[in-house]
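> Pasting a structure below so you can have a look.
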Amino acid sequence: MVDSISACEVVIAGAGPAGLATALYLLRARPDLRGRVVALEKSAHPRFKTCAGGLIPKTLLALEELDLPLEVPAAIVTRGEAHTPAGTVRLERGGETLCTIIRRDEFDARLARAAREAGLIIAEHTRVLDVEQTSERVRIETDRGAIDSQLLVGADGSGSRVRASVFPGGKESLGRALMADIAVDPERAPEFKDHCYRFDFRCVSAGVPGYAWSFPCIVDGTPHLNVGIYDQHPRATGAAGGEQALMLTELRAAFPELPLYMLENRTQPFRAFPIRWFNPRDSYVMGRVLLAGDAAGVDPLMGEGISCAFEHGKLAARAIAATLEGDRAALKGYDRALHRGHVGRKLRKLKFAARHFYGARHRRFFRLARLSLRAQEIGVDWYNGVRHTDERSMRALVALWARAIFFRAPVR
Ligand SMILES: Cc1cc2nc3c(=O)[nH]c(=O)nc-3n(C[C@H](O)[C@H](O)[C@H](O)COP(=O)(O)OP(=O)(O)OC[C@H]3O[C@@H](n4cnc5c(N)ncnc54)[C@H](O)[C@@H]3O)c2cc1C
């Protein structure tokens, strides 16, 4: 029972990347909190998570910062191909890794092991049900009793119970993605032969504001493709139930060479899951409660959320450490950082991009995006957070592009 856990300073709801990154950064800064930070997890590691498992270079920088070797099987991607309504774009960055594809059960279990070693207590099979707070404490009700704490981090994913209990109302910004793993012959699949991932945005013209993907991955030691489709506005694509059918049709159209009819006739299972995306009108702090990761909202354009989970975790850890040391303004600073800091600024730009690339004039924007290879390279480096490019100002990025175009300067 969780009520037997005493002397707890910080409770984290959810032991996914956001919750575990918060714990890892916090216990690194404050090792004296060992045994006094508790994560409540409804499931148990290793647990399945509906996710393609693509780690952008930004996430690997966070792992490096935490001195955490990956230590799980991964497929490395060095090339990309995107079909758009305005033509095809191919990208390569001199053989550098564009994406590292892992399985979430293995990756999250690896993070959980590191967090436990650092002193996090993970109460598994414990579901958060409700949250109440006073000016002094937060009380978290779970299906295994109640626990009191000074601070609570809601890192319990897109359908966050903490968010629903503490941050009621507001516009829901929920996208949806569905995916399946298909066994392939690595000698024949371009994803394995060319170390490449493939995207297809042509579904936007058919009414699915998003994209289909095909990533190489290793499932139980054997080569597979993780294929799926993201829809930023699932209700926009049809009446209840209709949206999934349209998503499956568009997924099949994107990769006609794969046996995806098996998803439509349900002989091959697929998984669907919501993705909460960043809405600048949201609040991320209420009293003694903070939101992180999907519970707060992530990238609206691509639905990428693992790098965000680490960024949020780092900022949350900093704010928690400062609060415990008596800084009363630190939690407000977390809210400000998520809105106005480099993560917030990046997510705002991605929201802007999603509005245009997935809007009525999407062809025009895809045409624009195809015009300059240099701009594509800078855009990919920025998106991937390579060498922290995503923390540079818009002005610095435009200057970089101008130097590359007019003086043929390298973009790195
Ligand atoms: C199909 C699909 C593909 C995706 N592909 C990618 C990708 O390739 N790359 C990428 O970066 N992102 C991807 N994402 C997004 C990514 O999965 C999320 O952004 C990421 O998992 C967010 O981490 P998190 O820790 O915030 O939430 P989660 O990973 O959802 O973790 C939340 C944790 O909280 C637990 N929990 C939930 N409710 C409760 C409760 N009431 N009580 C206790 N515990 C609870 C859950 O069991 C879970 O362990 C994808 C998402 C989908 C749906």
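> Please go through the range 146-177 and give me each residue that is over 17 Å from the mean Cα position of the chain (by Cα), hydroxyl-bearing (S, T, Y) and open to solvent by less than 10 Å² (accessible area, probe 1.4 Å), ordered by number.
If the condition is that a residue be over 17 Å from the mean Cα position of the chain (by Cα), hydroxyl-bearing (S, T, Y) and open to solvent by less than 10 Å² (accessible area, probe 1.4 Å), then S149 is the only one that fits.
> If you check T88, T78, which single one turns out to be out of contact with any Cys (no Cβ under 8 Å at 6 or more places or on another chain), more than 14 Å from the ligand (Cβ to nearest atom), β-branched (V, I, T) and at pLDDT 95 or above?
T88
> Here is a further query. Determine which single condition R281 fails, assuming it passes every other condition in (1) under 28 Å from P85 (Cα atoms); (2) of a type outside the set (G, A, S); (3) surrounded by fewer than 18 Cβ atoms within 10 Å (Cβ to Cβ).
Evaluating R281 over (1) under 28 Å from P85 (Cα atoms); (2) of a type outside the set (G, A, S); (3) surrounded by fewer than 18 Cβ atoms within 10 Å (Cβ to Cβ) leaves (1) as the failure.
> For the range 210-230, give me each residue that is within 14 Å of G303 (Cβ to Cβ) and buried (at least 24 other Cβ atoms within 10 Å of the Cβ).
G210, Y211, A212, W213, G228, I229, Y230
> Being open to solvent by less than 40 Å² (accessible area, probe 1.4 Å) and within 11 Å of the ligand (Cβ to nearest atom) is the filter here; which residues of the range 267-277 pass it?
F270, A272, P274, I275, R276, W277, listed by residue number.
> For the range 167-183, does any single residue satisfy the condition of being assigned by TED's automatic domain parsing to the domain that holds I306, more than 11 Å from the ligand (Cβ to nearest atom) and among the aromatic types (F, W, Y)?
Checked against the condition, which is being assigned by TED's automatic domain parsing to the domain that holds I306, more than 11 Å from the ligand (Cβ to nearest atom) and among the aromatic types (F, W, Y), the range 167-183 yields at least one hit.
> May I pose another question? Within the range 117-175, which strands (runs of 3 or more DSSP E) (wholly inside it) include 1 or more residues that are of a type in the set (D, E, K, R) and over 23 Å from R34 (Cβ atoms)?
Qualifying strands (runs of 3 or more DSSP E): 128-133, 138-142.
> Select, from E106, E96, the only residue that is in a helix (DSSP H, G or I), among the acidic types (D, E) and more than 10 Å from the ligand (Cβ to nearest atom).
E106
> Here's a check for you: in the range 8-38, which residue that is among the hydrophobic types (A, V, I, L, M, F, W, C) and in contact with a Ser or Thr (Cβ under 9 Å, 6 or more places away or on another chain) is surrounded by the fewest Cβ atoms within 10 Å (Cβ to Cβ)? Let's see the steps before the verdict.
Taking the range 8-38 as the starting set, the residues that turn out to be among the hydrophobic types (A, V, I, L, M, F, W, C) are 8, 10-13, 15, 18, 20-21, 23-24, 26-27, 29, 33, 37-38.
After this cut, where a residue has to be in contact with a Ser or Thr (Cβ under 9 Å, 6 or more places away or on another chain) as well, the list is 8, 10-13, 15, 37-38.
Details: C8: 19, V10: 29, V11: 30, I12: 34, A13: 31, A15: 30, V37: 27, V38: 23.
Per the criteria, the residue is C8.
> Please count how many residues of the range 14-58 are of a type in the set (G, A, S) and assigned to a helix (DSSP H, G or I).
The number of residues fulfilling the criteria is 5.
> Of the conditions (1) farther than 24 Å from A319 by Cβ; (2) within 15 Å of the ligand (Cβ to nearest atom); (3) out of contact with any Asp or Glu (no Cβ under 8 Å at 6 or more places or on another chain); (4) open to solvent by 40 Å² or more (accessible area, probe 1.4 Å), G53 clears all except one; give me its number.
(4)
To keep it simple, each residue is scored yes or no on (1) open to solvent by less than 70 Å² (accessible area, probe 1.4 Å); (2) more than 10 Å from the ligand (Cβ to nearest atom); (3) closer than 17 Å to L20 by Cα.
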position	(1), (2), (3)
A114	yes, yes, yes
A118	yes, yes, yes
E141	yes, yes, no
R144	no, yes, no
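> Test of understanding: among A254, A164, which residue is in contact with a Phe, Trp or Tyr (Cβ under 9 Å, 6 or more places away or on another chain) and small (G, A, S)?
So the residue among A254, A164 that is in contact with a Phe, Trp or Tyr (Cβ under 9 Å, 6 or more places away or on another chain) and small (G, A, S) is A254.
> Give, as residue ranges, the helices (runs of 4 or more DSSP H) completely inside the range 271-362 that count at least 1 residues that are closer than 30 Å to L260 by Cα, outside the structural domain of F215 (by TED's automatic domain parsing) and touching a residue at least 24 places away in the same chain (Cβ under 8 Å).
306-324, 342-357
> Hey, could you check the range 363-412 for residues that are at positive phi and not in a helix (DSSP H, G or I) and say which is surrounded by the fewest Cβ atoms within 10 Å (Cβ to Cβ)?
The residue in question is R408.
> Residues in the range 156-166 that are within 8 Å of the ligand (Cβ to nearest atom) and touching a helix residue (DSSP H, G or I) at 6+ places or on another chain (Cβ under 8 Å): how many?
5
> Within the range 284-318, which residues are open to solvent by 10 Å² or more (accessible area, probe 1.4 Å) and away from the ligand (no atom under 13 Å from the Cβ)?
Matches in the range 284-318: V285, M286, G287, R288, K314, L315, R318.
The values are calculated or read from the model by the stated rules, or taken from the named source; none is laboratory data. The structure presented is a predicted model; accordingly, all values stated were derived computationally and were not measured. All Cβ positions, glycine included, derive from the backbone under ideal geometry; neighbour counts span all protein chains shown. Each accessible area value is taken on the protein alone, full model and side chains, heavy atoms only, with ligands, DNA and RNA left out. Shrake-Rupley method; radii C 1.70, N 1.55, O 1.52, S 1.80 Å.
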